[in-house]
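The values are calculated or read from the model by the stated rules, or taken from the named source; none is laboratory data. Here the structure is a predicted model, which is why all the values come from computation and not from measurement. Note that we place each Cβ from the backbone using ideal geometry, even for glycine, and neighbour counts take in every protein chain shown.
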Amino acid sequence: MRRRTLGALILATFLLFTAVSYATLDRERLTNWDNYLFWLDYPRGARPVWLGDSSKSVEFSGQVEYPVTEKAPVNLILHGNGEVSITIFRPDGKVVRLSAEINGTTSVNSNTELALQARRFAIEDLGLRREDLAFITPTQALFMDENRNPLPGKYTIQIHPRSVEAQLIGDTYALLGTDYKGRDLWVGFVGSTVNTLILALLTTVLVIFLGILLGIGSGYYETRLGDAVSVILEALNSIPYLPLAIAIIFVLSSTGFHGKLEMGVFELALILALLLVGKFASAVKGIVMHEKVQEYIESARVLGASDLGIILRHIMRAVLPYALSYSTLLFAQMIAVISILGLFQIIPGANWGSFVAEAFTQNAIYSLWWWPLSPSMAIVLVSVGLTLLSGKS
């Protein structure tokens, strides 16, 4: 299989996987990724479902069969409005009945009525002491035996009315688990992936568009404006763009939720594109200056072709192959730049870099090793695909 075909296959598979994951993502969770209060009822530091054989997290409405082996679920989250009743048929024959009025999202652990009823069951029906309940959640108490150990077996959980959506939270959760703030890491990974790819793609498109425009303008037309553009391009090539980009972002961005920098995606892409366009535009200028003195260009002029016609029909034919090849490498470079700036919390918005930076902030690099590993593998996969795609067959 040729290298370009393999590269295209890798990229197409990754992009399709990302698109499907994003399309099926819970928008409410994605919107509230930085709202730590939203995640209060979720487990802290839960492992991915593919890592353990402990209690798993399930979503359901109406009724569900839930097996308990070594560990009990830590919470039962409810989404709905009005009077809700919960009935749990335990494997020891005991039946737990809870009810309360809810409005929006709540849980057995956070709702005062439900938590009191759960603790009352543990004290009156299981004979647990009040001090025993200090070390377990109200939800866990519903799945315990008289010795404060998880009661193994199959539980039948019924929620009425069926319009209420429920989530039984175990110590494993979703595809990437949760961080120490309870946030679903799969939501953060998919969201940061989409943001990184969009920003990198938009920046690449702007660099190619502006580079072709400036390169042709300064290379084809020998005017003062063309000379001025050439001077600007040389200046951009001589200035280290990363320090300048950091300074501009800090000046133009605003402070948003939790003190994080905020800036529109297009504005951010435009800043990066303007600082990176110099090298590409200079290369395009060289191609244009070489092509415009060729005999076939002179022949076209003699035959009455306009400058615009010559540029579109002949000059662009020489520029486009280079632009396409350059764009694949530039896209990979932009992913690296965005990730590095995000890692140091410099660039606004969620991206692969800021996603990994959160793992450092929570000291979770080793304990939740799958967290930083996921964006790292994605970066390697995209880079390999782009490298193969840009290489010769």
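For first residues located in segment 70-91 and touching a residue at least 60 places away in the same chain (Cβ under 8 Å) and surrounded by fewer than 16 Cβ atoms within 10 Å (Cβ to Cβ), partners that are outside any strand (DSSP E or B) and of a type in the set (A, V, I, L, M, F, W, C) and lie 6+ apart or on another chain with Cβ distances below 7 Å form the pairs PRO91/LEU151.
Per the listing ALA378, ALA336, the residue uniquely surrounded by fewer than 24 Cβ atoms within 10 Å (Cβ to Cβ), touching a residue at least 12 places away in the same chain (Cβ under 8 Å) and under 12 Å from the mean Cα position of the chain (by Cα) is ALA378. The test for being surrounded by fewer than 21 Cβ atoms within 10 Å (Cβ to Cβ) and not in a loop (DSSP other than H, G, I, E, B) holds for ALA357. From the list PHE38, PHE17, the one residue that fits, being of a type outside the set (Lys, Arg), outside any loop (DSSP other than H, G, I, E, B) and over 15 Å from the mean Cα position of the chain (by Cα), is PHE38. None of LEU98, LEU25 is surrounded by 17 or more Cβ atoms within 10 Å (Cβ to Cβ) and modelled with pLDDT of 90 or more except LEU98.
For segment 67-83, residues that are modelled with pLDDT of 90 or more and either more than 21 Å from ARG44 (Cβ to Cβ) or among the basic types (Lys, Arg) (or both) total 5.
Restricting segment 354-375 to residues that are without any contact (Cβ under 8 Å) to a residue 40 or more places away in the chain and in contact with a helix residue (DSSP H, G or I) (Cβ under 6 Å, 6 or more places away or on another chain), the residue that is farthest from ILE271 (Cα to Cα) is ILE365.
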